[in-house]
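Down below is the structure, laid out as C-alpha cells.
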Amino acid sequence: MAKEFRITLRNAGKIAPDSIDDYLREGGYQALKKARGMDRGKLIDEIEGTGKLRGRGGAGFNTGFKWKAAYETPSDVKYIVCNSDEGEPGTFKDRTIIENDPHTLIEGILIAAYAVGAQECYIYVRGEYTHCIELLRKAVQDAEAKKLTGGVQIHVVGGAGSYVCGEETTLLTSLEGYRGEPRLKPPFPTVAGYLGKPTVVNNVETFATVPVIVDKGAEWFSGIGAKEYPGTKLFSLSGDVKHKGVYELPTDAKLSELINELGGGVTEGHRIKAVQLGGGSCGFLTPDQLDVNLDFESARAIGASLGSGAVLVLDETHNMAEFARGTAHFFAHESCGKCAPCREGTSRLEEIMDDICAGGDLEKDVALIDKLGTLMADSCFCPLGQGASNPIRSAWKLFPEDFKSANAAGKKEA
Ligand SMILES: Cc1cc2nc3c(=O)[nH]c(=O)nc-3n(C[C@H](O)[C@H](O)[C@H](O)COP(=O)(O)O)c2cc1C
C-alpha cells in the first residue's frame, strides 16, 4: 500500500508466523544480540530519550521512562508483562502483529527483560484469541530450543474475558489469580507491580516495535513521523469503509489519508457521518475534522484521542442516539463493580439511554447524563467509569437531531 510504512509489521506476509527459521532469515533476534552487548542504562536512554518511543496501548506514556523506573527500583525479582488483552472496541491490531510475526514480540520482550534485569515475563492474551495463544506458545518453545531466551522465562496466559482486565493494574490483579479489579496508583507497577515487584507493563505493539529501534538505531526511528510521537502507528480501520483492516502509518499521516486512500473511502453510495477515533470511550469526529494528523498531540489539539488506534467509520444511516445506547450497554456490562460511581453510574447511563429511545423526557434525560457524566469523571476509581459518558455526551452534542428522532420514534411506539 503506497501510504503504508511498515516497521512493526515489516515481516507480515513475508514469513510463516510459526517458523522461527523464517524470522531468523529476515534478521530476527539480531537486535536482541546487539542489545545484550549494550550497557543497560545506554539501551534505556536510546529508547527513552533518542527514540522517544511512546506506549501504543492507549495512554502514550514514554516507554523508556517506564523501563528506567523499573531498572532503578532495587529488587531481587523484576517482571515484564505484555498487555495483549485487546478488549478495546474496534481494536484488532495486536492480534494482527501476533498472527503475522509472533517472534518480533518475543524479541521485544526479551530486550526489555535484559534492559530492566527481569528473569520472568508474562504475555496476557485476550482469552478469545486462542490462535494467538497457540502461536505464541510455539514461538516461545522455538526460541528456547534455539537458546535465544538466555534463561529468561516467558509464560503465555489466557485473559479473563473482561474489558477492564486490559487496564494495567487490573491485568496484574487478574494475573495474580484474583478477580479483575483495578488498584490504586501510585504505587505504579514499575515500583510495585506483579506480586508487589517492579514490573514493566507494555502493549504488544510497543514491544514489537523495539527490535527495529535497536536494530536501525533510535535516531533513525525518531526521524520518522511526528516529532513528539515518532515512528509509526498501527490503526484498526472498521465500520462503513470499503477496505477494513490494519494499516501501519508514519505518525505524520492524516486520518483522511487512512480512511480515503488506504480504506478506499466510505461504502459506495454513502457519506461519512462520524468517525470514532481511539476506541469505545472516545468522542466522535465530524467529516470536517478528518485532516487531523495521526499523532497524540494533534489529536488532543482538536479534543480527540488517538487511544489504541481504533478508527470506526459511521455513515449517515446510523442514528447516533441508538449507537450511544449500545455504548452505554457495553460500559454497564463491563463495569467491574469495585467502585459505586462506576457500578451504579454505568447502569444509570444505560437506563437513561433506554428511556430516551423509548420516548421518555428527553430534556430531563440529557441534563441527567451531563450531571452524572461529570460526577463519574470526578469520582470513578479507574478510567473505565471516568470516560464512560464521553461518547454519549459527544453524540448528543454533535447529533441532537438523532436523539430527537429516536425519542420521537420511541414515543410513537409506546
Ligand atoms: C479500561 C481500560 C482498558 C485497557 N485495555 C488495554 C488493552 O487491551 N491493551 C493495552 O495495551 N492497554 C490497555 N489499556 C491501557 C493500559 O492500562 C496501559 O496503559 C498499557 O498497557 C501500557 O502499555 P503501553 O505504555 O505500551 O501503551 C487499557 C486501559 C483502560 C483504562
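The values are calculated or read from the model by the stated rules, or taken from the named source; none is laboratory data. Every value quoted in this text rests on a predicted model; they were computed, and no experiment measured them. Here the Cβ positions follow ideal geometry from the backbone for every residue, glycine too, while neighbour counts run over all protein chains shown. Surface areas here come from the heavy atoms of the whole protein model, side chains and all, with no ligands, DNA or RNA. Shrake-Rupley method; radii C 1.70, N 1.55, O 1.52, S 1.80 Å.
In a simple Cβ point-charge model (Lys, Arg +1; Asp, Glu -1; nothing else charged), the stretch 232-315 has a dipole of about 220 debye relative to its Cα centre. For the chain, a crude dipole built from +1 on the beta carbon of Lys and Arg and -1 on the beta carbon of Asp and Glu, taken about the Cα centre, is about 880 debye to the nearest 20.
Shown here for the stretch 313-393: GluC sites (Glu not before Pro) in loop regions (DSSP other than H, G, I, E, B) with at most 16 other Cβ atoms within 10 Å, namely E316.
Given their separation in residues at 0.36 nm each and the Cα-Cα distance between them, T374 and I302 gain 23.9 nm when the chain is fully extended. A 1.4 Å probe run over the chain, with the rest of the protein chains in place, finds 41 Å² accessible per residue.
Along the axis of the charge dipole computed for the chain (Cβ charges of +1 for Lys and Arg, -1 for Asp and Glu, origin at the Cα centre), the listed residues T173, C342, G410 are led at the positive end by T173. For the charge dipole of the stretch 232-315, defined by +1 on Lys and Arg C-beta atoms and -1 on Asp and Glu C-beta atoms about the Cα centroid, which residue among A253, L294, C282 has the Cα displaced farthest towards the positive pole? Working it through, the farthest residue towards the positive pole turns out to be C282.
Hey, could you get me the Stokes-Einstein D for the stretch 164-217, Kirkwood radius over alpha-carbon pairs, 37 °C and 0.692 mPa s, rounded to whole µm² s⁻¹? Stokes-Einstein gives a translational diffusion coefficient of 271 µm²/s.
Surface composition of the stretch 232-315: carbon plus sulfur atoms hold 48% of the accessible area, using a 1.4 angstrom probe and ignoring ligands, DNA and RNA. Listed values for the stretch 145-151 are Karplus-derived 3J(HN,Hα) couplings in whole Hz (6.51 cos²θ - 1.76 cosθ + 1.60, θ = phi - 60°), namely 4, 8, 6, 8, 7, x, x, and x replaces Gly and Pro. Each Lys and Arg contributes +1 and each Asp and Glu -1, all at the Cβ; summed about the Cα centre of the stretch 176-318, the dipole is approximately 540 debye.
The stretch 130-183 and the stretch 215-242 have Cα centres lying 25 Å from one another. Reducing the stretch 291-366 and the stretch 67-116 to their Cα centroids gives an inter-centroid distance of 29 Å. For the pair H318 and N260, the difference between a 0.36 nm per residue extended length and the Cα-Cα distance amounts to 18.9 nm.
When the chymotrypsin sites (Phe, Trp or Tyr not before Pro) in the stretch 175-229 are filtered for DSSP coil states and for at most 12 other beta-carbon atoms within 10 Å of their beta-carbon, the remaining sites are Y178. If I ignore ligands, DNA and RNA and count only protein heavy atoms, how much of R95 is accessible to a 1.4 Å probe, in Å² to the nearest 10? For R95, the solvent-accessible surface is approximately 100 Å². For the stretch 113-264, the relative contact order works out to 12 percent when only alpha carbon pairs closer than 8 Å and six or more residues apart are counted.
Taking the longest Cα principal axis of the chain as reference, the axis of helix 320-334 is set at about 50 degrees. Each residue was assigned an accessible area with a 1.4 Å probe, and for E26 the value is about 80 Å².
Taking only the C-alpha atoms of the chain, the Rg (one decimal) and the largest Cα-Cα distance, Dmax (whole number), read 21.8, 72 Å.
Placing unit charges on the Cβ atoms of the charged side chains and taking the dipole of the chain about its Cα centre, the candidate lying farthest along the positive direction among G60, P17, T190 is T190.
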